[in-house]
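Structure, as C-alpha cells:
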Amino acid sequence: MNTAKQITVLLAEDHVVVREGLSSLLNVDGNFRILGEARTGRQAVEMAHVLRPEVVLMDIAMPVLNGLEATKQILATDPAAKVLILSAYSDDEYVARATAAGAIGFLEKQTSSEVLVKAIREVAKGIPFFSPAIVKRRRKNQNKIRSRSGQPKTDNALLTSRELEVLQLVAEGSANRQIAMELGISIKTVEKHRQNLMDKLSIHDTAGLTRFAIATGVIENSVRLTIV
C-alpha cells in the first residue's frame, strides 16, 4: 500500500450497514483513506468544510439536508471537491438534478465494488463517471427527462438554498422551534421562510409542502407515510 497516493474520501450515508460496508471495502482496497463518515446532509457539509476530502461519496436520501442540497453547499465552499452520488434512486430526473447541483458522477447502489472503486479514482481526477446503465439510458432518453411521478418535472429552482432546507425539515415533520434550533435562526425567520415557500409554490398547508418535497425528491417517498 502506497499511502502517498491514497485518495481521501468522505462517506455521506445515513444507513449504518451501508456506510460500514463502504468503509470496509475502501479500506481493504488500500488506495483510499476515509477521512470521516457523515450520517446527515448537514454533517456532510460541515465535515467536508473541515476535512477537505478529494471525493465525497454522497447518498441523495439524507436526513436533515438531502444529498443534492448538501452537494451544492459543499461545492459552494470548496469548488475543488468532487462529489460522487451513490443512490438507490437513479432515474433520469435524479441524475439531471445531481449534475445540476455539481456532482461529477452518479452510481446506482447495486453497482459492483469494482465499478465503485473505478468511479472514485476517475472522479478524483476530475473525470465524470456514471453507471453504465445510466449512460445507456441517458443516451436513449436525452430529451425525455421526466419526474418520478411521470409528469413533467416540477422546477424548484425558484427556491433559495435556505428555503429548500426549511422545506425538507417541514416535510420531515419538524416543528418551527425544532427547525429554528437546527438552522440556528429565529422562529420568526422560520415562519417567514414557510410563508415564502407557500407563496412561491402556491401551496397553503404542510401536507401540500410535503407532497411537493416528495414529488421533487427533496425527501424520500417513505418519510411521511401519513401524507395521502
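The values are calculated or read from the model by the stated rules, or taken from the named source; none is laboratory data. All values derive from a computational prediction rather than experimental measurement. We place every Cβ from the backbone using ideal geometry, glycine too, and count neighbours over all the protein chains shown. For accessibility, only protein heavy atoms count, side chains too; no ligands or nucleic acids. Shrake-Rupley method; radii C 1.70, N 1.55, O 1.52, S 1.80 Å.
One residue alone among 57, 107 is over 10 Å from the mean Cα position of the chain (by Cα) and either at pLDDT 95 or above or aliphatic (A, V, I, L, M) (or both), and that residue is 107. Does residue 115 count as closer than 21 Å to residue 20 by Cα and assigned to a helix (DSSP H, G or I)? So residue 115 passes the test.
In the set 57, 65, 22, only one residue is under 19 Å from residue 116 (Cα atoms) and open to solvent by less than 10 Å² (accessible area, probe 1.4 Å); that residue is 57.
One residue stands out in region 158-199 among those that are open to solvent by less than 80 Å² (accessible area, probe 1.4 Å), assigned to a loop (DSSP other than H, G, I, E, B) and aliphatic (A, V, I, L, M): the one that is modelled with the lowest pLDDT, namely 159. Does residue 138 satisfy being part of a helix (DSSP H, G or I), modelled with pLDDT under 70 and closer than 30 Å to residue 105 by Cβ? Here the answer is yes, as residue 138 does meet what is asked.
Could you check how many residues of region 25-45 are without any contact (Cβ under 8 Å) to a residue 24 or more places away in the chain and either touching a strand residue (DSSP E or B) at 6+ places or on another chain (Cβ under 8 Å) or open to solvent by less than 30 Å² (accessible area, probe 1.4 Å) (or both)? Qualifying residue count, region 25-45: 1.
Scanning region 203-213 for residues that are farther than 13 Å from residue 164 by Cα and either open to solvent by less than 60 Å² (accessible area, probe 1.4 Å) or at pLDDT 85 or above (or both) returns 203, 206, 207, 208. Within region 37-53, the presence of at least one residue that is more than 13 Å from the chain's Cα centre (by Cα), in a strand (DSSP E or B) and modelled with pLDDT of 90 or more is confirmed.
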